[in-house]
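Presented below is the structure to which this report refers.
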């Protein structure tokens, strides 16, 4: 199913002097954007730039930003090999920084409680930092190529997911420093009859997103696919594969709505929407059609 959407932008945000590279949306609507040359801007719900930060590493680009879901004043960024922590109530200088990754950091993520931060890098590793003690808690090493994405599992305080250019999605118990499960995207069967165009590029994992309740996971892949995982149980299970992009899927994001069964003609905004952006210059919005008895989601391009 597909429908036409208005191409008129709702709000145009102007404030960056350099190319914008990453975004993070707080549940309350606050937007944080990171750009080249160490630029970070915090925007309010009216689209006004309320805080502008110049990273100490201004010669480096901001690869990732995120904010603490329970406190929008806490902002975290990855710039070069460094991770910088800001408390917006204290101004625009970092309140702490970590310089522990051995190569460029690709993404930072913070758990729900704000007690642990994970930073994945080009050295194939994930550094998990204890934010209360301000030191490295664990170093996770199982990827055989660049680790591009990392996220904590909601409602499972000691678990996180990571994806990399080795085409592997890893499920971690970071308290023990071990991988619980590995899913190789190259080993997932193709359910589309005519999918030869998707075999040109390998299924590197560029981005990972989870529904707010953690029940489902989406992986954006270099071959243009989006792989959905059922993560409602202890072990991850392979779900539906989404086709729509013609080049690599660089970013995936679930909207904050719940994850119940939906009517595709009018779900009242309660079903989760999946938003994906690709190197084909397309943004696609996927809506939940059905939730099957096995827990898998059925999506269609919206």
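Just so you know, all these numbers are worked out from the coordinates, no wet-lab data involved. This is a predicted model, so every value here is computed, not measured. Positions of Cβ are backbone-derived with ideal geometry, glycine not excepted, and every protein chain shown enters the neighbour counts.
Here the stretch 41-126 is described by how far its Cα atoms reach on the three principal axes: 39, 31, 21 Å, from widest to narrowest.
Where does the Debye-calculated log10 I(q)/I(0) of the stretch 1-156 sit at q = 0.12, 0.18 Å⁻¹, using only Cα point scatterers of equal weight, no solvent? Here the Debye-derived log intensity ratios amount to -0.51, -1.07. A protection proxy built from the mean count of other Cβ atoms within 10 Å ranks the segments 274-283, 26-35, 119-128, 174-183, most packed first, as 119-128, 26-35, 274-283, 174-183. Treating each Cα of the stretch 78-215 as one equal point scatterer and applying the Debye formula with no solvent, the log10 of I(q)/I(0) at q = 0.13, 0.22 Å⁻¹ comes out as -0.58, -1.36. Here the peptides 214-225, 107-118 are ranked by packing, the mean other Cβ count within 10 Å, and the order with the highest first is 214-225, 107-118.
Neighbouring Cβ atoms within 10 Å as the yardstick, rank 141, 167 fewest first.
Working: 141 13, 167 23.
Placing the least packed residue first, the sequence is 141, 167.
A straight chain from residue 135 to residue 238 at 0.36 nm per residue would run longer than the Cα-Cα distance by 33.6 nm. Packing-based ranking of 42-55, 150-163 yields 150-163, 42-55, ordered from highest to lowest mean Cβ neighbour count within 10 Å.
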